[in-house]
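What follows is a structure written as structure tokens; I'll ask about it next.
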Amino acid sequence: MTIRKRLTIRFTGLVSSIMLLAFVSIYAFCWYFISSDFYRRLDRKANTAGDMLIRHKLDAQLIRQLNRIRKDQLPEQKIIIFDNRDSIIFITNESLTLQIDKPTLVTIRQSKKKDFQQKGYYISGIRFMTASGQYVVIASAKNIYGDEFLRRLIWALSSLFVLIAAITAISGWLFAGDALQPMQQIDYTLSAIFPQNRSERLTVAKDDDEISRLSATINQLLDRVAESFRLQRMFVANVSHELKNPLTQISSQLEVSLLKQREPEAYRQTIRSVLDDVRELATLTHELLQLSQVNKDNAPGMLTDVVRLDELVWDVRDEVTALNSRYQVSVSMGTLPDDPDQLTLHGNRTLLATALKNLTENACKFADDGRAQVHVSTEPNTLIVSIKNTGASIPADDLPYIFEPFYRSRQTADVRGYGVGLSLVSRIIRLHGGQLTVDSKPGEPTVFSISMPH
């Protein structure tokens, strides 16, 4: 069931319930008022007949004659008087049959007065106390006009209720459609968005309502999706480019070697060159494999080591300086805690070593003098490692993208590498619940900072 139908049904049900309650109350009030008024009239008839016949001892025939000539007679009015032995001593309009059983007479004598209905007649019974005993006076009649009014009233209220319910349902359907029209527009716009027109966005109204906020949120989601598409295309393009170069070189060298017979030494040189290209492919494949494996889903099974951060920094320093005689790494320690456990964290030692090694090697590689400075410090519940070098700063336009896979700026286009290192470092730090930031400005050292909970 659509939201529009549900809203219409609920709105119609609510209004109909209120109207039904109001109409039932009106009918009940009218029924009570008309019935009470008619019973009061019957009560006066019974009291008048009792006073004349029982208290004033008027002649019964005279009373009957007075009743016939009076103009205020009720429809099918009948007066019956019973003595203390439940025998009828007076009756009018004998052609009308009205049976009053003895339990009813007993009840009237006990309660002094009783109003009730029987076979369409309204009946009022009154007890009269005299020295000769208890008398019961019964006055009955049909409330023709009152009952007819109530029948017409119930038909009028029922018809009005159906009409109001129908109007409410139609109005609710129109109002719900008007309220949901922005949602339908959102659905239409989103259904028309495809890769070729993914730049299209929803219109955000100036009104700060739920629809406007939803449209803004969806636009932000579409922006993230578009960015993911862009990064995916860039990733595929870069991977294809990085794989194409060594494969092309391997194919070209082998084809050249097969063109004619050569000396054994020439074949050995070709094999060594092809082997270098294969190693490059293996290195690239290994880095891609590492990049794909480092994600949040694998965190519970990977972060099982207790790593001493200061010891890890010294080990990384030795590894980086062994890579190139030009590289020089200096390590400094800030104010360290008295408790050595404050320098430990739960994680994966191999991955953390890879992250620190990549950052430190990059710092040495892009430094003017091949030097990198690693600084370890602590804050409450946080371990901080800063890696600084001097050299050309990272262009401001490149800073938002340096952690994307295979991103290579113009500054690093001639440097050997695949552009995977910083992306891998970023994922490793996020996997450990940490944060990686970079600060690079012209004329100032470039600093990569890692903050992780100990």
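The values are calculated or read from the model by the stated rules, or taken from the named source; none is laboratory data. Since the model is a prediction, treat every value here as computed from it, not as a measurement. Using ideal geometry, Cβ is built from the backbone for each residue, glycine included, and neighbour counts are taken over all protein chains shown.
What are the residues in the range 11-46 that are touching a residue at least 24 places away in the same chain (Cβ under 8 Å) and under 32 Å from the mean Cα position of the chain (by Cα), if any?
Hits for the range 11-46 are 11, 12, 15, 16.
So, one more: Within the range 84-106, is there a residue that is hydroxyl-bearing (Ser, Thr, Tyr), surrounded by 18 or more Cβ atoms within 10 Å (Cβ to Cβ) and either modelled with pLDDT under 85 or within 30 Å of residue 19 (Cα to Cα) (or both)?
Among the residues of the range 84-106, at least one is hydroxyl-bearing (Ser, Thr, Tyr), surrounded by 18 or more Cβ atoms within 10 Å (Cβ to Cβ) and either modelled with pLDDT under 85 or within 30 Å of residue 19 (Cα to Cα) (or both), which makes the answer yes.
Right, something else. Quick check: anything in the range 125-144 assigned to a helix (DSSP H, G or I) and either among the charged types (D, E, K, R) or modelled with pLDDT of 80 or more (or both)?
Yes: one or more hits.
I'd like the residue in the range 418-451 that is at pLDDT 85 or above and within 34 Å of the chain's Cα centre (by Cα) and, out of all such residues, is surrounded by the fewest Cβ atoms within 10 Å (Cβ to Cβ).
Only one residue fits best here, namely 435.
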